[in-house]
1. Tally the residues that are of a type in the set (S, T, N, Q) and crowded, with 20+ Cβ neighbours inside 10 Å, restricting the search to segment 279-289.
2. With segment 158-258 as the region, which helices (runs of 4 or more DSSP H) entirely inside it contain at least 2 residues that are within 26 Å of Leu304 (Cα to Cα)?
3. Can you tell me how many residues within segment 75-108 are of a type in the set (Val, Ile, Thr) and farther than 21 Å from Tyr319 by Cα?
4. In segment 292-302, is there at least one residue being at pLDDT below 95 and not small (Gly, Ala, Ser)?
5. Could you list, in sequence order, the residues of segment 136-147 that are hydroxyl-bearing (Ser, Thr, Tyr) and in contact (Cβ under 8 Å) with a residue 24 or more places away in the chain?
6. Tell me which residues, restricted to segment 329-350, are over 24 Å from Val154 (Cβ atoms) and part of a loop (DSSP other than H, G, I, E, B).
7. Looking at (1) in contact with a Leu (Cβ under 7 Å, 6 or more places away or on another chain); (2) assigned to a loop (DSSP other than H, G, I, E, B); (3) surrounded by 16 or more Cβ atoms within 10 Å (Cβ to Cβ), which one does Ser132 not meet, given that it meets all the others?
8. For segment 98-119, what are the residues that are surrounded by fewer than 17 Cβ atoms within 10 Å (Cβ to Cβ) and not in a helix (DSSP H, G or I)?
Amino acid sequence: MITNSKLKGLGYTNTQIKEIKNERLTKEILDNRYYSVALANALDKKTLNVDYLELYTSVKDNRALTAEDFLLASRLKDKGYEQAQILNLFKNLEYWEITPLLVFDYQWDEKVYIDDCVLHRDTNSKDSFTLSNKFIEPNTENIVSDPSSITVYVNQKNNLPAEYAPEDLQTIDLQYASQGVQLRAEAAKNFEALSAASIQNKVPFFASTGYVSYQTLKDIYNSYNADVASLYADVPGQSEQQTGYAADVSPTYEGGAFSQTNTYQWLKENATEYGFILRYPVSKAAITGNKSETNQLRYLGKSLAKAIVDSNLTYDEYYALYLASWSDEKNMPKENVLSATNYQKYLNEKSDE
């Protein structure tokens, strides 16, 4: 048949052509001359998602697209990226190099970001990420809608209301914290268990600060010269500590940079068992925008905390990819994609009793 000959001319095998016809893609593939090794491999494995046909043609030969890739592409579209930009990003960057764009401001010229990633490719990885340029600007106008949620996401563009204060604050036992340090009840209970475990494992630490009110944050911020205040203090409304779910910790006996201590390493490996993550990984300050609070723990519940660490994403990226609402729900992927990812899993998790 003529169509078979044309498909073979693009590079498809008889088995792949049969699958193309089963999926009724002959006309679309021929009209657009779609072919790539990634597309051919997906046909062979019968894993092709026909809603993202063009995306398969943009990626490297050895890249197998997954539901996470499709969700990421959909999130980029929802953020304002045009199809040509999305294809360019997937053509030139790895998955973990693209996810930070969900946190950053929309980049009208994605090539600048691509070039920055390529510049640091010798040192960057899934575990460490550095950029030369800044791709996000603060915004104090955007107020989060549910500040009491266990998954509330706070950063330089997502602000807590000035009047918000948790209603269930609990003072942490002095064995595990400085005088008067408070967290929300569930977080406090799990923090005490985490700290007790650290003592048993000979890497003891304590909470030096926990909940901090908006007014206190404002007073601290205003105590600095306006030109340098943001370098030394959290912008009021942009601190995780106002949520009551975050605590700064200090090793009981170790000195030096926190990220170089045995305590830090132990927390990286064990904090999720108690529902906490290290909120600002030292190796990913370019994404979180916070390089001074590497000693901050954030409570999210055991299931979500484990999912975040397993994903190798910062909470910023994880939230933007899996938990955030959509600007336009028409951009949402179909259920077969969403159900194959962590999309909105653990979003309403209330407790880990």
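The values are calculated or read from the model by the stated rules, or taken from the named source; none is laboratory data. Since this is a predicted model, take the numbers as computed values, not measurements. Please note: Cβ atoms are built from the backbone with ideal geometry, for glycine as well, and neighbour counts cover all protein chains shown.
1. Here is the first cut: in segment 279-289, the ones of a type in the set (S, T, N, Q) are 283, 288.
The next check asks that each one be crowded, with 20+ Cβ neighbours inside 10 Å; those that pass are 288.
Residues flagged as of a type in the set (S, T, N, Q) and crowded, with 20+ Cβ neighbours inside 10 Å within segment 279-289 amount to 1.
2. Working: elements: 185-200, 214-222, 229-232.
So the answer is 185-200.
3. Going residue by residue through segment 75-108, those that are of a type in the set (Val, Ile, Thr) are 86, 98-99, 103.
So of that shortlist, the ones also farther than 21 Å from Tyr319 by Cα come out as none.
Residues that pass the stated criteria total 0.
4. Looking only at segment 292-302, we keep the residues that are at pLDDT below 95, and these are 292-294.
From what's left, not small (Gly, Ala, Ser): 293-294.
Yes, that holds for at least one residue.
5. Taking segment 136-147 as the starting set, the residues that turn out to be hydroxyl-bearing (Ser, Thr, Tyr) are 140, 145.
Listed by number, the list holds a single entry, Thr140.
6. Correct list: Met332, Pro333, Lys334, Ser339, Ala340.
7. Against the list (1) in contact with a Leu (Cβ under 7 Å, 6 or more places away or on another chain); (2) assigned to a loop (DSSP other than H, G, I, E, B); (3) surrounded by 16 or more Cβ atoms within 10 Å (Cβ to Cβ), Ser132 comes up short only on (3).
8. Asp105, Tyr106, Trp108, Asp109
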